[in-house]
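Remarks on the structure that follows.
Please treat every number below as a calculation from the coordinates, not as lab data. Bear in mind that the values here come from a model prediction, so they are computed numbers and not experimental data. Neighbour counts run over all protein chains shown; Cβ positions are idealised from the backbone, glycine included.
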């Protein structure tokens with residue numbers, strides 16, 4: 001049986017681009033671990049960069065159940081990354097990103113090489129980011 005060192009790229013995939021990609025991935029993973037974010041939590045933060053959103057809108061946009069978005073929102077709110085409030089006669093739950101949430105989202109966007117302009121346009125960041133759920 002042949003053992004491969006999975007910490008090194010396969011032959012034919014090494015080079016400057018591979019090293020840059022590996023360094024970016026390492027920065028992203030380190031930020032995820034340090035901030036204790038799940039992929040869904042990050043996607044919610046990215047969706048909220050430009051404006052607030054309701055639970056049902058986020059659930060549809062992120063292909064998640066409203067219960068999952070509510071759970072994620074509760075977790076992000078407890079860490080001070082978003083705030084939530086109820087609006088309208090039906091008391092719809094809406095989320096808004098806080099300054100701490102913006103700082104976190106922008107740090108992650110910077111780690112993947114997004115520009116400040118991309119950070120202000122979440123649709124660009126979420127469609128080009130390797131973190132986007134498929």
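Structure notes:
- Model label sites at residue 74 and residue 33, defined 7 Å from Cα along the beta-carbon direction, differ in position by 2.9 nm.
- Distance between the modelled labels on residue 65 and residue 96, one decimal in nanometres: 3.0 nm (7 Å Cα→Cβ projection).
- For region 16-123, projected area of the alpha-carbon convex hull averaged over all directions, nm²: 7.1 nm²
- With R₀ fixed at 41 Å, the C-beta to C-beta distance from residue 20 to residue 87 puts the FRET efficiency at about 0.40.
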